[in-house]
Structures are given as structure tokens and as C-alpha cells.
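See below for the structure under consideration.
Coordinate-derived values only; no laboratory data. These figures come from a predicted structure and were not determined experimentally. Reconstructed Cβ throughout: ideal geometry from the backbone, glycine too, with neighbour counts over all protein chains shown.
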Amino acid sequence: MYTIKFTENSEKVLKKLERDTQERIIKVLERVKIRPDNFVEKLVGEPGFKLRVGNYRIILDIDNKDLIVLVIKIGHRRNIYKNWEDFEIVYFKKDKKVKVLPVWKWLLE
């Protein structure tokens, strides 16, 4: 079973949401812990995945090696994808240009 981890920003946003929305998101994340690939969709042209919960979207990344689902961003569907480029970095590994999410940067070191 996977472990769910939140970034500081995503945890703040979750706490600010209404109680019923928080509960819905937590229920869906509990289901995702078992088999995340069955519930998430790959982001087109971007690293990471999206998860739909009513009118809200959760941007997350999955580390299959360490069995971690990292919740990166939570927001309403109309504005979750704005400023997405702020969440990306590019690094070079063995002379290949690779795009990753900055929250996983510590895994590269």
C-alpha cells in the first residue's frame, strides 16, 4: 500500500476547504493508496498526474519505487492548471534533458 504525503502548500489548501470537500478528498485519497494507477490520469505534456474529486483536481506524483503518492497541488478545476510552469524544473542527467517536479528534486541528489 502506498503512503500519501502532502506538500506544505497542498496541506494548507486542504485545511482551508469546506469540511465536506475535505472529507471527499480524503476518501478518494484513501482509495488511491491501494492502486493509484487505477484512479489517476497522466497530465498531457507535463510530469505528474491528476485526480478528479467533484469540481476539484489534485495534482500529484507517484513514486512506485518507494510507494509514495505525493499530493502537490489541490484546487478548483477552473484554476488548478494556471501557473503550472511554477511547479516544474528541468535538469540534466547523463547528458539528457529531463523535466521533473521540484518536490522530487531531493530524490535526485
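If each residue's Cβ is checked for other Cβ atoms within 10 Å, how do 51, 67, 60 rank with the fewest at the top? Spell out each step's value before the answer.
Values: 51 21, 67 12, 60 28.
The order, fewest Cβ neighbours first, is 67, 51, 60.
For residue 9 and residue 27 in one chain, what is 0.36 nm times their gap in residues minus the Cα-Cα distance, to one decimal in nm?
4.5 nm
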